[in-house]
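One structure below.
The values are calculated or read from the model by the stated rules, or taken from the named source; none is laboratory data. From a predicted model like this one, the values you see are computed outputs, not experimental measurements. A quick note on method: Cβ atoms are made from the backbone with ideal geometry, for glycine too, and the neighbour counts reach across all protein chains shown.
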Amino acid sequence: MTSNIDFLIGILIVLIILVYHYVGQHKLNEPGNNIFVFFLVLGMSDIFFDIVSTVSIEVGGPYYADLSKVLLTVFYLMQACVPYALYCYTQTLKRNYREVGRRNAQRMLFAPVLMMLLVLFNCFSELIFGFDDQGVYFTGPLYPAMYIYAVLFALLIAVEGLISYSQLGAKKYRVMLEFMLIMSLCVLIQYATRFLLLTGFGLGVGIIVLYFTLSNPRERLDGLTDIFNVQYFEEWAMHQIKGGRRFHVISIDFCRIKQINKILGTHTGDQILVDAGNYIWNLSESHYLFRLSGNRFGVAVRTLDEYERLRLALYDHYKSDVAVEGERIECPVIICGLIDAQEMGDSNNILNYIEYMASTVDGKGKSLMLQSDHKMVSGFYYNKEVEAYLTTAIREDLFDIYFQPIYSIKDGRFTAVEALSRLRHPTLGMISPEIFISVAEKNNLISQIGYLQFKKLCAFVREHRDIMDQIQNIKFNLSPAELMTTGYAKRLIALILENDLNPAWFQVEITESMATEYSDVIYRMTADLGKNGIRFCLDDFGSGFANLNTVLKMPFSVIKLDKSLLSGILNDPKIASFYKNIVDVFRSMSYTIVAEGVETKEEMDLVSSWGVSMIQGYYYSKPLDGEGLIEVLKDAQK
Ligand code: C2E
Ligand code: CA
Ligand code: CA
């Protein structure tokens, strides 16, 4: 009976196509990838020699016995390598490859060497296979040794995988078992039928399974830019950290991508990112490039020379406009540099730290370079400590409310207050709300804090109802996450009504940047709250790029001018005239205008002469605790 090699030919074609695609993709120069390529090529060659030796024996017959012998010997030499190559590949899947896996692989090298010697020795001894005087193929007494050898390796892989399960993880172990199951099934069928040559087929299918589950380079590439994705960065960085290898990271944030997408269309934004990926990839041979988030790339390098060279090259390139489709576009970047990133101890920490570094600058102006230093690192760990404390603080409701009275120029007294949150840490002391609010926002805790605080605020007003004879409204701040939480507005209203308070006593502050970015959500929320008589104040006007059109369409009745607008009004006529004109414009539209951050008499005199109706600032009062507020209001009545 002649053997059926159709399956072998089919799988060989598939593997050739696989190799073609595999080679053309970006890959890290890593043991796992290198051994996979080796395994792939070995598997292909093994199948190839399986086919040609079978054809030579069955078609060539006795005339080609010598050729068949050579081809079969090569085939068996490969058969001796395949189980070992699979073993090495499983070692690279372990997290501790460099410490343990590599040593295991070296230790087991004796097995394929012995096997190959046996195969070579077969040329004289014909213990495995041979050709008789008529040139007819026969199997020798040691023929089963090849099978036993493969089975022993399979057992070794399975048992060792189980022992080092924690280093391998469930997914990888499962895939290895799948591989072995496919192989064994094919070997069994081949053994049972004798003519269906399926061992090579099983090997090919196994390799394809590995490709799709564990070694598919596409899975590690970002779809848009074709460079490595953030999941791969995490994996790669963890590998380096565990192996105690030194590396430095440079991140590049394209701060204006959002605006560019909005103004020039997403294809322009995408093009900038794709160009950046190509440009940075080609900057060096020896670095690793990752897309860490929508608008952030990360480059990892091994040497300080390379680190300095790349940082400067990137800065040089992006300090001027970039060319996209023939147009020159201003596209400032923030370049953050972290030397000895492995010291962060964890890839997540590195990502968070880069995020933190980039958040310390606003990125609205020119391209700039930041270098990690001691101060930056302690700021980061401070934030982490705050983060860790927030859950306790929420659970035990440790936040306080402070009140900053707002002075009405017309009435000559305080007629409003802003409620501000405070948090004290047992060892760090008072934590600035700028910090704990933004940490809470990042960790999706702000709605819980906002709700707790509003509850406290309602309880306070209920207890000191008479302050509302003096005060027209109490302003409180809402964060974007609070606006987006469905039903949040209703819960706030419910709190007000439960405490038997008047919703018209409350005013929601929404910052300018939030109003611009989340306009649609705000429309909905303001409708819900507005129905009940709550009014709205636009906070921090002038601190960013407000989209005036959107803002004017929203139901704000009060506009607070940001304190940053005040700096310079005393000595720069241009700044002064700018402030005055804003006041004029909003006054003409009958908004109530609050000047925030007034600290001196000169500032107070100037802004009130321009027609600002209310003043919030240290000049009149700092934020006070509940008792302090009652005191101040009592004094004012005297
Ligand atoms: P904000 O809403 O702009 O609040 C005004 C901030 O300016 C307060 O800072 C206030 O203490 C400060 N301020 C008032 N007058 C002056 C002055 O004359 N000079 C200077 N230098 N500063 C002045 P604070 O209390 O540190 O709050 C910072 C920010 O934290 C607030 O800015 C607000 O955005 C946020 N925040 C505070 N409490 C809450 C809260 O309960 N919920 C939410 N979502 N955000 C809050
Ligand atoms: Ca505010
Ligand atoms: Ca403000």
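Quick notes on this one:
- Members of the stretch 551-567 that are in a loop (DSSP other than H, G, I, E, B) and within 15 Å of ligand 1 (Cβ to nearest atom): ASP562, SER567
- The set of residues in the stretch 378-397 being among the acidic types (Asp, Glu) and free of Cβ contacts under 8 Å to residues at least 12 places away in the same chain consists of GLU396 alone.
- Qualifying residue in the stretch 177-193 (condition: touching a residue at least 60 places away in the same chain (Cβ under 8 Å) and not basic (Lys, Arg)): yes
- Filtered by the rule that a residue be buried (at least 20 other Cβ atoms within 10 Å of the Cβ), among the basic types (Lys, Arg) and away from ligand 1 (no atom under 13 Å from the Cβ), the stretch 439-477 gives no residues.
- Flag for PRO503 being more than 15 Å from ligand 1 (Cβ to nearest atom), surrounded by fewer than 17 Cβ atoms within 10 Å (Cβ to Cβ) and more than 23 Å from ILE449 (Cβ to Cβ): no
- Residue in the stretch 32-46 that is modelled with pLDDT under 90, crowded, with 17+ Cβ neighbours inside 10 Å and part of a helix (DSSP H, G or I) present: yes
- Wholly enclosed helices (runs of 4 or more DSSP H) of the stretch 144-213 bearing at least 3 residues within 17 Å of ALA85 (Cβ to Cβ) and touching a helix residue (DSSP H, G or I) at 6+ places or on another chain (Cβ under 6 Å): 170-193, 199-213
- Some residue of the stretch 590-605 being within 30 Å of LEU529 (Cβ to Cβ), surrounded by fewer than 17 Cβ atoms within 10 Å (Cβ to Cβ) and at pLDDT below 95: yes
- For the stretch 508-523, the tally of residues that are within 13 Å of ligand 1 (Cβ to nearest atom), over 25 Å from the mean Cα position of the chain (by Cα) and in a helix (DSSP H, G or I) stands at 1.
Okay, residues lined up against (1) touching a helix residue (DSSP H, G or I) at 6+ places or on another chain (Cβ under 8 Å); (2) within 16 Å of ligand 2 (Cβ to nearest atom):
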{"residue": "PHE586", "(1), (2)": "no, no"}
{"residue": "ALA595", "(1), (2)": "yes, yes"}
{"residue": "VAL598", "(1), (2)": "yes, yes"}
{"residue": "GLU603", "(1), (2)": "yes, no"}
{"residue": "TRP610", "(1), (2)": "yes, no"}
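- Qualifying residues in the stretch 537-553 (those that are surrounded by fewer than 21 Cβ atoms within 10 Å (Cβ to Cβ) and within 16 Å of ligand 2 (Cβ to nearest atom)) - the one nearest to the chain's Cα centre (by Cα): GLY544
- Residue match in the stretch 92-106 (condition: in contact (Cβ under 8 Å) with a residue 12 or more places away in the chain, exposed (fewer than 13 other Cβ atoms within 10 Å of the Cβ) and not in a strand (DSSP E or B)): no
A quick yes/no check of all residues on (1) on the phi < 0 side of the Ramachandran plot; (2) touching a Gly at 6+ places or on another chain (Cβ under 8 Å); (3) surrounded by fewer than 13 Cβ atoms within 10 Å (Cβ to Cβ):
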{"position": "VAL119", "(1), (2), (3)": "yes, no, no"}
{"position": "GLU126", "(1), (2), (3)": "no, yes, no"}
{"position": "ALA150", "(1), (2), (3)": "yes, no, no"}
{"position": "CYS186", "(1), (2), (3)": "yes, yes, no"}
{"position": "ARG194", "(1), (2), (3)": "no, no, yes"}
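- Failed criterion for ILE252 (all others in (1) in a loop (DSSP other than H, G, I, E, B); (2) in contact with a strand residue (DSSP E or B) (Cβ under 6 Å, 6 or more places away or on another chain); (3) among the hydrophobic types (A, V, I, L, M, F, W, C) hold): (1)
- In the stretch 547-583, the residues that are away from ligand 3 (no atom under 16 Å from the Cβ), over 21 Å from PHE536 (Cα atoms) and of a type outside the set (A, V, I, L, M, F, W, C): GLY568, ASN571, ASP572, PRO573, LYS574, SER577, LYS580, ASN581
- Among the residues making up the stretch 505-515, those that are within 14 Å of PHE556 (Cα to Cα) and either more than 16 Å from ligand 2 (Cβ to nearest atom) or charged (D, E, K, R) (or both) are GLU509, GLU512.
- Looking only at the stretch 530-550, and only at residues there that are in contact with a Phe, Trp or Tyr (Cβ under 8 Å, 6 or more places away or on another chain) and either within 13 Å of ligand 1 (Cβ to nearest atom) or assigned to a helix (DSSP H, G or I) (or both), the one that is farthest from ALA489 (Cα to Cα): LEU538
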